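S.K.: So that we are looking at the same thing, I have put the structure below in structure tokens.
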Amino acid sequence: MTSRTSLRRRSARLGLGTRLFTAMTLVVCAGASTLLIVALLIAPPVFGAHLRRSQMPDLTPAVQNHVDQAFTEALLISLTAGLTIAVLAAGFVTWLVARRLAAPVAELAATTTRMADGNYDTDLTDPRLGPEFTALTAAVNQLGGKLARSEQTRRRLLADLGHELRTPIAALQATVEAIIDGVLPVDNETLNTLSEQASRLHRLVVDLESVSRAEERQLALHVQPVPLAALARRAAAALRSRYDAAGIGLLVRTPDPGPTVMVDQDRLVEALMNLLDNALHHTPPGGTVTVTVEQHPGTARVVVADTGAGFPPEQAALLFDRFYRTDPARSPTGAAPPGRTPGRHGSGIGLTITRAIVDAHHGTITAHSPGPGLGATFTIALPSTSLEA
């Protein structure tokens, strides 16, 4: 039992090249042995039969025995020499093949080990051993790239999260220290300041939880057929008072009855309100935000266009990243722009939540702007269950 366990342990330590070489060598030896045995069993009787049909004079038993022995020895020597050379040649070729196959596997193992240690810089070359190895190499390279991007996103997220938390925490700390030092009285204004900063922290935590659930497709959706125009009007009505207070026009253009979509009403209204809230924060007083519902074959679209600050066209895809802002120098302080009330997503992840909600409904969202100061357009496209004539 002990020797068997020891043998298993030694076998487990064998590399892939050694295993392949051993397996192929056994196959070659098995084939050579089979060839030798079959030749010795079949060749002598066949030779004797041909000798008898050759119409040669009858041989004496001694001569017949000598002929049989000579043929057998010649056959055995020839087969032994040929098989020995064949086994050596096959063993050499087997060693080359095993080495060729083991090298890329060892490289893949080393690369995945480095990836496990946090080094995602992979640049594996195609070993040219067939489509399976090509696909495996490409998959490992792709995995390394995705892990590298995820690590960059994680680091940026932690840095941005720390930046977002620093302002309200610093404000809370300064206010509390001022109260302790007797600089600020404990009146309604001071308490309101503390409440606003605490509310901002709470809103940030809730937003992060919401976007995490949405991006992981863990949103609980209760879909049903709903006219898209009705949802657009509902979102606009919820924010119209803030638009009026800011002196910004809010127009809603919808066909009657318009396309029908299978969505969760509350979630999609939340997405539209995020877009309207974003437009409100980037449109100056006197500007206009227009919500348009469009119908296309198999697709329903809702477009939110504003006459506000806009953004560089190359930043369109980045707008939906967490905490991304088109102006890196701009740091939110929790205060609303002049003439406006605080927004719903001062944390900078409103558009991220919107994209996650749209993705959960198997739709798409895109952003477009001709450039800074030329306004922005956000388009949500959803599968349509019907198309009115």
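The values are calculated or read from the model by the stated rules, or taken from the named source; none is laboratory data. What you see is a predicted model, and the numbers here were worked out from it, not measured in a lab. Counting neighbours? That spans all protein chains shown, and the Cβs are built from the backbone with ideal geometry, glycine included.
S.K.: For Leu208, are the conditions met, namely being more than 20 Å from His282 (Cβ to Cβ), modelled with pLDDT under 90, in contact with a Pro (Cβ under 9 Å, 6 or more places away or on another chain) and not acidic (Asp, Glu)?
M.R.: No.
S.K.: Quick one: which of Ala235, Ala174, Ala198, Ala159 is small (Gly, Ala, Ser) and modelled with pLDDT under 80?
M.R.: Result of the check over Ala235, Ala174, Ala198, Ala159: Ala159.
S.K.: For residues that are loosely packed, with under 14 Cβ neighbours inside 10 Å and among the polar types (S, T, N, Q), scanning just the stretch 23-46, find the one that is modelled with the lowest pLDDT.
M.R.: Applying the filter and picking the extreme gives Ser33.
S.K.: Shifting gears a bit: Please list, ordered by first then second residue, the pairs with beta carbon atoms under 6 Å, 6 or more apart or interchain, first in the stretch 38-56 and small (Gly, Ala, Ser), second in a helix (DSSP H, G or I) and modelled with pLDDT of 75 or more.
M.R.: That search, which allows pairs on different chains as well, returns Ala39/Leu79; Ala43/Leu75.
S.K.: Also, I was wondering about something else. From Thr254, Thr299, which residue is of a type outside the set (A, V, I, L, M) and surrounded by fewer than 17 Cβ atoms within 10 Å (Cβ to Cβ)?
M.R.: After applying the criteria, what remains is Thr299.
S.K.: Which condition does Ala49 not pass, out of (1) more than 30 Å from Arg155 (Cβ to Cβ); (2) of a type in the set (Gly, Ala, Ser); (3) at pLDDT 75 or above, if it passes all the others?
M.R.: (3)
S.K.: With the checklist (1) closer than 23 Å to Ser384 by Cα; (2) in a helix (DSSP H, G or I); (3) touching a strand residue (DSSP E or B) at 6+ places or on another chain (Cβ under 7 Å) in hand, flag the one item Gly258 doesn't pass.
M.R.: Going through the list (1) closer than 23 Å to Ser384 by Cα; (2) in a helix (DSSP H, G or I); (3) touching a strand residue (DSSP E or B) at 6+ places or on another chain (Cβ under 7 Å), Gly258 breaks only (2).
S.K.: Name the single residue, out of those in the stretch 72-104 being farther than 16 Å from Thr18 by Cα and hydroxyl-bearing (Ser, Thr, Tyr), that is surrounded by the most Cβ atoms within 10 Å (Cβ to Cβ).
M.R.: The qualifying residue surrounded by the most Cβ atoms within 10 Å (Cβ to Cβ) is Thr72.
S.K.: Could I ask something else about it? Residue under question is Thr307, and the condition is that it be closer than 16 Å to Gly371 by Cα and of a type in the set (Ser, Thr, Tyr); does it hold?
M.R.: Criteria met by Thr307.
S.K.: Do we have Ile349 as of a type in the set (Val, Ile, Thr), assigned by TED's automatic domain parsing to the domain that holds Thr260, modelled with pLDDT under 80 and under 30 Å from the mean Cα position of the chain (by Cα) here?
M.R.: So Ile349 passes the test.
S.K.: Of (1) surrounded by fewer than 16 Cβ atoms within 10 Å (Cβ to Cβ); (2) out of contact with any Lys or Arg (no Cβ under 8 Å at 6 or more places or on another chain), Phe311 satisfies all except one. Which?
M.R.: All conditions pass for Phe311, except number (1).
S.K.: Being touching a Ser or Thr at 6+ places or on another chain (Cβ under 9 Å), in a helix (DSSP H, G or I), within 24 Å of Leu20 (Cα to Cα) and not assigned by TED's automatic domain parsing to the domain that holds Thr18 is the filter here; which residues of the stretch 105-143 pass it?
M.R.: Matches in the stretch 105-143: Thr137, Val140.
Each row is one residue, and each column tells you yes or no for (1) closer than 24 Å to Arg200 by Cβ; (2) out of contact with any strand residue (DSSP E or B) (no Cβ under 6 Å at 6 or more places or on another chain); (3) modelled with pLDDT of 90 or more.
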position: Leu275; (1), (2), (3): yes, no, yes
position: Leu280; (1), (2), (3): yes, yes, yes
position: Gly287; (1), (2), (3): no, yes, yes
position: Asp306; (1), (2), (3): no, no, yes
position: Arg344; (1), (2), (3): yes, yes, no
position: Asp359; (1), (2), (3): no, yes, no
